[in-house]
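What follows is a short report on a single structure.
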Amino acid sequence: MSNQDAALKEIEEIEQSPEAGDGKRERSNIEFPYLDLDAAVEIAKGVHEVGGSSCGWDQLAARLGQAANGGGFRLRAMTAKTFRLVTYGQGTVSLTELGKRLNDPQQEKAAKVDAFLAVPLYNAIHERFKNVTLPRADALEAEIVKLGVAPKQKGKARQAFHRSATSAGFFWSGPNRLVKPAIKASAASTPTPEVDPDQTEKKKEKDEDDRKHPLIEGLIKELPQPQSEWTTEDRKKWLQMASTIFDVIYKDSDDSRGSLKVVVEKNSAK
């Protein structure tokens, strides 16, 4: 019997016989995997390679070179499910949304972080020891038991936790410091912000308002109503005022400097 077959048998025995001889419950009260994150990733990538988003149980086992009814394959599939990368039933294995992200090279690192924190035990340990130094192995195992792991399983739980944290990048600041890695959002994973039509219209109006100078507005207000009487002399004054305002609010190029002159020519009598 392989180590993985033995591990699976131990899990099944504990699930079937929760009461130990001393009267204490030996069944774990918090979910965790026996294998590490790399084993779960292998399953998720296998599904993607065989069927895209889902495939048959036998197909996946064949892709991984394992027997579909073997303990090692079953334990790997259970591990991938615990990391929330796959779901399975009725002979089919399917990727979750997290599993699909894992198979996107631009989102793989972030998906590993999310998969690690999706495990209830690992998330609890992270909340208790994030950004600080982890205790020694025996002390960490004691904490793991306090969190709900059966005493007989504490060693395997700690080992799988440490390997998974390493795979997900949580030890980037030191071998015993559990710090969530900073993952830059990729273009594929960053949603495009929705455009508010009202905000767009307001911006357009603001841009138009910025082009309205108060002197220009005052100049326009001096214009008389259409079809009303407006003498030539008054038109001259208005044009001269416009020329002065233009000099104030607009810049002139060096090669076109000068002054505008408004001249009124009287019609000669015939």
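The values are calculated or read from the model by the stated rules, or taken from the named source; none is laboratory data. Remember, predicted model here, so these are calculated numbers, not experimental data. Here Cβ is always computed from backbone atoms with ideal geometry, including for glycine, and neighbour counts include all displayed protein chains. Heads up: the accessible areas ignore ligands, DNA and RNA and are worked out on the full protein's heavy atoms, side chains in. Shrake-Rupley method; radii C 1.70, N 1.55, O 1.52, S 1.80 Å.
General remarks:
- Test for Ser167: is it buried (at least 17 other Cβ atoms within 10 Å of the Cβ) and in contact (Cβ under 8 Å) with a residue 40 or more places away in the chain: yes
- Some residue of the range 176-188 being within 25 Å of Ala62 (Cα to Cα), without any contact (Cβ under 8 Å) to a residue 40 or more places away in the chain and under 17 Å from the mean Cα position of the chain (by Cα): no
- Considering residues of the range 141-150 that are open to solvent by 10 Å² or more (accessible area, probe 1.4 Å) and assigned to a helix (DSSP H, G or I) only, the residue nearest to Ala39 (Cα to Cα): Glu141
- Among the residues examined, Ile183 qualifies as modelled with pLDDT of 65 or more and closer than 27 Å to Gln106 by Cβ.
- Flag if Thr133 is open to solvent by 50 Å² or more (accessible area, probe 1.4 Å), more than 15 Å from the chain's Cα centre (by Cα), in contact (Cβ under 8 Å) with a residue 24 or more places away in the chain and under 18 Å from Arg163 (Cα atoms): yes
- As a summary of the residue check, Gln153 satisfies the conditions (1) surrounded by fewer than 17 Cβ atoms within 10 Å (Cβ to Cβ); (2) out of contact with any helix residue (DSSP H, G or I) (no Cβ under 7 Å at 6 or more places or on another chain); (3) in a helix (DSSP H, G or I); (4) not hydroxyl-bearing (Ser, Thr, Tyr) except for the one numbered (1).
- Put simply, of Trp238, Trp230 the only residue that is open to solvent by less than 100 Å² (accessible area, probe 1.4 Å), at pLDDT 70 or above, in contact with a Leu (Cβ under 9 Å, 6 or more places away or on another chain) and part of a helix (DSSP H, G or I) is Trp238.
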